[in-house]
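**Q** Provided herewith is a single structure, encoded as C-alpha cells, for subsequent inquiry.
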C-alpha cells in the first residue's frame, strides 16, 4: 500500500502534473472572465451589479443617479419596463457593457497565456488585480450583508448571497497569483536576458 501511495504522490508532484495544473488554472480563470463578461451585455446581469457600483466610491460616478438605485432593483428573471427604463437612463447598461468588454479582454489575454508569455503575463496581472476591486465591495455595499429584518443573525460576519458571491473572488485572487508567478518564472528559467525578454 505504501508503494502505491508513494507512486501516486510522485505522479501528482511531477513536473507534467504541475504544468497541467497551471494550464488548467489559466483556462478556469479565462472561463470565469469570458462567461461573466459576456453576461454583462445582458440586462439582468447589469441590474444585479447595480448595488455594488452605486455604493462604490470609485465607480458610482459612472451612474447618473446612484443614490436612487434601491427602488429600481429587480430580481433575476423579472421584467419590469419602468425599472428597466430607469436603469437605461441611469447608464447601468452602458457601464455594464464597458465592464463586460474589459472582462472579455482579461479572459482572452489569460487564455492567450497558454501560447504567449507576454500576453499571458498581462492577462495574469489584470486577473490578479480585478479581485481587489471586487472584494472592496464587502466594505462598501450594504447588500453584501444580511439585513436586520428581525433575525439576530445580520450584519458582519453574516454574508448575504451577494456577499458570498464576492467572497469567492479570494479563490480567483490566489489562482491568478499562481499563474502570474509561473508566467514570470518561465523566461527566467530559460535563461533569457532582460533585453531578449523585452524584444519578444
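**Q** Mind checking whether some residue in the range 92-106 is touching a helix residue (DSSP H, G or I) at 6+ places or on another chain (Cβ under 9 Å), modelled with pLDDT under 95, in a helix (DSSP H, G or I) and crowded, with 16+ Cβ neighbours inside 10 Å?
**A** no
**Q** Let me ask something additional. Check residue 64 against each of (1) assigned to a helix (DSSP H, G or I); (2) closer than 21 Å to residue 143 by Cβ; (3) in contact with a helix residue (DSSP H, G or I) (Cβ under 8 Å, 6 or more places away or on another chain) and name the one condition it does not meet.
**A** Among (1) assigned to a helix (DSSP H, G or I); (2) closer than 21 Å to residue 143 by Cβ; (3) in contact with a helix residue (DSSP H, G or I) (Cβ under 8 Å, 6 or more places away or on another chain), residue 64 violates only (1).
**Q** Which residues, counting only those in the range 107-116, are in contact (Cβ under 8 Å) with a residue 40 or more places away in the chain and surrounded by 19 or more Cβ atoms within 10 Å (Cβ to Cβ)?
**A** The first filter runs over the range 107-116 and keeps only residues in contact (Cβ under 8 Å) with a residue 40 or more places away in the chain, leaving 107-108, 110-111, 113-114.
Of everything in the range 107-116, those that are in contact (Cβ under 8 Å) with a residue 40 or more places away in the chain and surrounded by 19 or more Cβ atoms within 10 Å (Cβ to Cβ) turn out to be 107, 110, 111, 113.
**Q** Something else about it: Of everything in the range 1-45 that's over 17 Å from residue 105 (Cβ atoms) and in contact (Cβ under 8 Å) with a residue 24 or more places away in the chain, which residue is nearest to the chain's Cα centre (by Cα)? Working first, answer last.
**A** First, the residues of the range 1-45 that are over 17 Å from residue 105 (Cβ atoms): 1-25, 28, 42-45.
When the remaining residues are screened for being in contact (Cβ under 8 Å) with a residue 24 or more places away in the chain, the result is 22-23, 25, 28, 43-45.
Working: 22: 18, 23: 18, 25: 13, 28: 11, 43: 19, 44: 18, 45: 14 Å.
So, considering only residues that are over 17 Å from residue 105 (Cβ atoms) and in contact (Cβ under 8 Å) with a residue 24 or more places away in the chain, the one nearest to the chain's Cα centre (by Cα) is 28.
**Q** Going residue by residue through the range 54-64, is there one that turns out to be more than 23 Å from the chain's Cα centre (by Cα) and modelled with pLDDT of 95 or more?
**A** Let us first name the residues in the range 54-64 that are more than 23 Å from the chain's Cα centre (by Cα), namely 64.
Still in the list and also modelled with pLDDT of 95 or more: 64.
So far as the range 54-64 goes, yes, one or more of its residues are more than 23 Å from the chain's Cα centre (by Cα) and modelled with pLDDT of 95 or more.
The values are calculated or read from the model by the stated rules, or taken from the named source; none is laboratory data. Given the structure is predicted, the values throughout are model-derived calculations rather than measurements. Cβ coordinates were reconstructed from backbone atoms using ideal geometry, including for glycine residues, and neighbour counts include every protein chain displayed.
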